[in-house]
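So the structure is just underneath, and the comments pick up after that.
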Number of protein chains: 2
Amino acid sequence: MSALQNDTLLRALARQPTDHAPIWLMRQAGRYLPEYTATRARAGSFLALAKNPALATEVTLQPLERFPLDAAILFSDILTVPDAMGLGLYFAEGEGPRFERPLRDEAAIAALSAPDPSAKLRYVLDAVREIRKALAGRVPLIGFSGSPYTLACYMIEGSGSDDFPALKKLLYARPELLHRILEVNARAVTDYLNAQIEAGAQAVMIFDTWGGNLSHAAYDEFSLGYSRRVIARLTKERDGRRVPSILFTKGGGQWLEAIAASGCDAVGLDWSVDAARARRLVGARVALQGNLDPGALFAPPEAVRKEARRVLDAFGAAPGHVFNLGHGISQHTPVESVAALVDEVLTYSRSQRTRTA
Amino acid sequence: MSALQNDTLLRALARQPTDHAPIWLMRQAGRYLPEYTATRARAGSFLALAKNPALATEVTLQPLERFPLDAAILFSDILTVPDAMGLGLYFAEGEGPRFERPLRDEAAIAALSAPDPSAKLRYVLDAVREIRKALAGRVPLIGFSGSPYTLACYMIEGSGSDDFPALKKLLYARPELLHRILEVNARAVTDYLNAQIEAGAQAVMIFDTWGGNLSHAAYDEFSLGYSRRVIARLTKERDGRRVPSILFTKGGGQWLEAIAASGCDAVGLDWSVDAARARRLVGARVALQGNLDPGALFAPPEAVRKEARRVLDAFGAAPGHVFNLGHGISQHTPVESVAALVDEVLTYSRSQRTRTA
């Protein structure tokens, strides 16, 4: 493997000084880029694209060709694991992900087992290896998975939802069945992330997209507890370097201290979180990643730059901040907004550090 | 007007002792009740039902016939105000609310003005009067409105949305135009709620359903600031009795202290909020309303009762708790879940008070 030329992300995740705030964007390889849309059209569908290592590599690198980002993130879907469990992931036209065989009875739940990633998820590991080769050490590659709870939401409901009635019914009526699913998911996510690390992922992120739909009492029991279990069993070092983990819970702003105590190296913040408060509360313990409102990118470049400076000011120049959005980038984002954002973050965070030094 | 026979709600909102935790449910007059569905079918549509004072009175009282609830809430829609502004509210089959003429340019924004509630919203005030008469003092009647910000979300976007791109674009690109809309909305909401109070509403609630989609920095500027302005100008007393105001921000758990300092008498909590923490933080200042996960009602009665006790234990028996859901009741809720919930809240909260006394 080539030596890493830009280790700003890994240094910031270890809360070491960097000359600027590293930046990458959740879903940075995506539909707002015309070149992505072109590759996806060649692949035929989103899933065909995700399952083809050569094309997944191509789209993973596309945003790096346009913008001086500090990391690549594996192009894949968060639902590859339940797909490998046999639930039959598909995408209906113009809709979100769906499963052909959601978990609807005890027999299906009892039969669930963690897939061997080297078999059913080999296309992901092949993509990780091919992306690492193509990156040739430019920037680190982030691997990822949905959290055990977020996977369970889709596995039980069969699709995204406003209120996840089937999931909630199971949680309140038969919590032991939900725990059984979450145990299998925790094992599957651990194996999956460790396989990504083995294949070359230099950092990993757990997306707990739906953890915020839980009550305060249920969040630790059904979501954070299982992410904690995954994190405890992750490979911590590879090729003599720490492989940091980032835990992102959308809507988790009230639980920052508990999330920061999960064993992760960094906490992802959505845009509702007061970054200055987060720094005070947990900034001595973990790095923080975030947290620009993705909606700010719908504004013209000057407004984007202003909002980027506001976010950087809220975090401050102390080590341990990775700039990102508070959620995945929207497909309707103008490309010039992203260019302005990345430029402003590099320039302004550099000037913050010069002023502070 | 008849004397109020059950003032448990008003006493709890004033943080005075009560023999049980009063309970009512957001959207308690709604589609989970077969008798509601029948009345709505007679009306022809949701809007026809909301605009017919006699039928609105009928459905407002329906849940009180089934369950010993401690309050009635006006049956209406949160978007009546922008409809009265001329935006043309309608409901497409199976979808949420939409506007025929959303605010899409500066001219439309400049032309916006607060409607006279005694003219364009008279059907609402007639319903308030008719409901008060029909209630004959059984329980107090709660009036309500969407918050200035939540109304603006729909007025700009034209419908509900996952990420409100048009709203966010305006907020970041042309904040002065959004402020102009919010100023008009604040005036309109103030006039509307005061007219409801004048017509007989004995408490009022402001629903800030979308405040939680704002960044920490933007929340006070675009949402809370305008709700504060409304609350400051509300009629505070009527017939010698305090008319309390309740402010509910879905996703506002991180901003509890600021919300509690808005001038409201009570803060509505969604189910992600730790009720015990909320009591510690702001319970000496305001009453608290909430916060059962509406998803808990999908479970069988015994599980519903258990979860109700958990919520009551988290709030504790000290004065100032109004039991409610953390969000509107789902149309898929079994009626027997609601019966079990109301019974358990009355019984268990009474026993809490006996134990404490």
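The values are calculated or read from the model by the stated rules, or taken from the named source; none is laboratory data. It should be emphasised that the depicted structure is a prediction, and the values quoted were computed from it without experimental measurement. Glycine gets a Cβ as well: all are built from the backbone with ideal geometry, and neighbour counts include every protein chain shown.
For this structure, a couple of remarks:
- Residues being touching a Pro at 6+ places or on another chain (Cβ under 6 Å) and without any contact (Cβ under 8 Å) to a residue 12 or more places away in the chain - total across the range B:52-97: 0
- Residue pairs whose Cβ atoms lie under 7 Å apart, sitting 6 or more positions apart in sequence or on different chains, and linking a residue in the range A:247-259 that is β-branched (Val, Ile, Thr) to a partner that is assigned to a loop (DSSP other than H, G, I, E, B) and surrounded by 24 or more Cβ atoms within 10 Å (Cβ to Cβ), are A:Ile259/A:Gly252.
- Residue identified as over 15 Å from A:Ser145 (Cα atoms) and either touching a Leu at 6+ places or on another chain (Cβ under 9 Å) or surrounded by 19 or more Cβ atoms within 10 Å (Cβ to Cβ) (or both) among A:Gly86, A:Gly96: A:Gly86
- All of B:Gly263, B:Gly320, B:Gly212, B:Gly251 fail the test of being on the phi > 0 side of the Ramachandran plot, within 14 Å of another protein chain (Cβ to nearest Cβ) and of a type outside the set (A, V, I, L, M, F, W, C), apart from B:Gly251.
- Sole exception among (1) within 25 Å of B:Ile197 (Cα to Cα); (2) surrounded by 14 or more Cβ atoms within 10 Å (Cβ to Cβ); (3) of a type in the set (Gly, Ala, Ser) for B:Ala43, by number: (1)
- Test: residue in the range A:223-231 that is in contact (Cβ under 8 Å) with a residue 40 or more places away in the chain, part of a helix (DSSP H, G or I) and either within 14 Å of another protein chain (Cβ to nearest Cβ) or over 20 Å from the mean Cα position of the chain (by Cα) (or both): yes
- In the range A:153-209, of all residues being among the aromatic types (Phe, Trp, Tyr) and not in a strand (DSSP E or B), the one that is nearest to the other protein chains (Cβ to nearest Cβ) corresponds to A:Tyr172.
- The numbered conditions (1) surrounded by fewer than 22 Cβ atoms within 10 Å (Cβ to Cβ); (2) assigned to a strand (DSSP E or B) are all true for A:Asp220 except (2).
- Against the test of being among the hydroxyl-bearing types (Ser, Thr, Tyr), away from chain A (no Cβ under 14 Å) and outside any helix (DSSP H, G or I), the options B:Ser113, B:Ser118 yield a single qualifying residue, B:Ser113.
- Any hit, the range A:76-83, residues being modelled with pLDDT under 95, at negative phi and of a type in the set (D, E, K, R): no
- Scanning the range A:307-317 for residues that are in contact (Cβ under 8 Å) with a residue 12 or more places away in the chain and within 8 Å of chain B (Cβ to nearest Cβ) yields A:Glu307, A:Ala314.
- Restricting B:Tyr154, B:Tyr172 to residues that are surrounded by 17 or more Cβ atoms within 10 Å (Cβ to Cβ), aromatic (Phe, Trp, Tyr), within 30 Å of A:Glu302 (Cβ to Cβ) and touching a residue at least 60 places away in the same chain (Cβ under 8 Å) narrows the list to B:Tyr154.
- B:Cys264 meets all of the listed conditions (1) in a loop (DSSP other than H, G, I, E, B); (2) in contact with a strand residue (DSSP E or B) (Cβ under 9 Å, 6 or more places away or on another chain); (3) under 23 Å from A:Pro165 (Cα atoms) but one, namely (3).
- Members of the range B:189-247 that are acidic (Asp, Glu), modelled with pLDDT of 95 or more and more than 16 Å from B:Gly268 (Cβ to Cβ): B:Asp191, B:Glu198, B:Asp220, B:Glu221, B:Glu237
- Complete set of residues in the range A:122-146 that are at negative phi, more than 18 Å from the chain's Cα centre (by Cα) and part of a loop (DSSP other than H, G, I, E, B): A:Arg138
- Looking across the range A:281-306, just one residue is within 9 Å of chain B (Cβ to nearest Cβ), surrounded by fewer than 23 Cβ atoms within 10 Å (Cβ to Cβ), part of a helix (DSSP H, G or I) and in contact with a helix residue (DSSP H, G or I) (Cβ under 7 Å, 6 or more places away or on another chain), and that is A:Ala303.
- For the criterion of being in contact with a Gly (Cβ under 7 Å, 6 or more places away or on another chain), of a type in the set (A, V, I, L, M, F, W, C) and crowded, with 21+ Cβ neighbours inside 10 Å, A:Leu135 fails.
- Within the range B:273-316, the residues that satisfy the criterion of being closer than 30 Å to B:Gly263 by Cβ and of a type in the set (Lys, Arg) are B:Arg277, B:Arg279, B:Arg280, B:Arg285.
- Residues (among the hydroxyl-bearing types (Ser, Thr, Tyr) and either in contact with a His (Cβ under 9 Å, 6 or more places away or on another chain) or part of a helix (DSSP H, G or I) (or both)) located in the range A:314-343: A:Ser337
- Evaluating B:Ala108 against the criteria (1) within 21 Å of the chain's Cα centre (by Cα); (2) part of a helix (DSSP H, G or I) leaves one unmet condition, (1).
- Restricting attention to the range A:1-42, the residues that are farther than 16 Å from A:Thr333 by Cβ and either modelled with pLDDT of 95 or more or touching a strand residue (DSSP E or B) at 6+ places or on another chain (Cβ under 9 Å) (or both) add up to 24.
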